[in-house]
């Protein structure tokens, strides 16, 4: 079964860190760009970050630049998002998604999402 | 604040056709053919319906079609069905902030 499975979400205090993982099964991530997308409660989708297929380039939304780091381990078929200096406005469902190309285009496979709540 | 604009809601009766617009600028929708559309049912992950303006992924019904004119992209759903009731998001490559989603459009089947 082709799927992406996120993990690592939870409740965290403002200013603390959290690391999300996205493990792939039934598919190989290495040829594809990978993204994180988030959705705050009752709100729309917000693109967070992308990493090129080989990890050579990474780009971030202005709202997370300097605080979040996207990485990947193609040998483990896994994507990561290190989230530092978390704020209340980072509270959201975080989805990982596979790009249809090696860089950036449309996202054809999505995980089920993991919930991050930033609260004291 | 999204850089793209979509109508908040669109509705139609079963069997009818509806069109959702997505307006940007020459720095995103108008400047590149990297416009995608996603369908999201409540509590579910988004699903890719259209990529590169007008291409349908395998498995997506041909009732869904995409187009673009200038800075505005459009998603048309023909032969509207109850299962099409969902939120729809456009997205685009953007020169300023790389990738942007629209605010979403709620489609209601009357």
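Looking across B:65, B:69, one residue alone is free of Cβ contacts under 8 Å to residues at least 12 places away in the same chain and over 18 Å from residue A:35 (Cα atoms). It is B:69.
Of everything listed in (1) modelled with pLDDT of 95 or more; (2) closer than 24 Å to residue B:50 by Cβ; (3) buried (at least 20 other Cβ atoms within 10 Å of the Cβ), the single unmet condition for residue A:114 is (2). Residue count for the range A:8-30 under the criterion of being within 26 Å of residue A:103 (Cβ to Cβ) and either within 14 Å of chain B (Cβ to nearest Cβ) or exposed (fewer than 13 other Cβ atoms within 10 Å of the Cβ) (or both): the result is 4. Looking only at the range B:22-44, residues that are within 19 Å of residue B:109 (Cα to Cα) and surrounded by fewer than 17 Cβ atoms within 10 Å (Cβ to Cβ) come to 4 in all. Return the total of residues in the range B:94-106 being buried (at least 20 other Cβ atoms within 10 Å of the Cβ) and either more than 19 Å from residue B:33 (Cα to Cα) or touching a residue at least 12 places away in the same chain (Cβ under 8 Å) (or both). Qualifying residue count, the range B:94-106: 6. Residues in the range B:41-55 that are at the interface with chain A (Cβ under 9 Å from one of its Cβ atoms) and either over 21 Å from residue B:9 (Cα atoms) or touching a residue at least 60 places away in the same chain (Cβ under 8 Å) (or both): B:51, B:52, B:55.
The values are calculated or read from the model by the stated rules, or taken from the named source; none is laboratory data. Nothing here was measured: the structure is a model prediction, and the numbers come from that model. With ideal geometry, Cβ positions are generated from the backbone for all residues, glycine too; neighbour counts draw on all protein chains shown.
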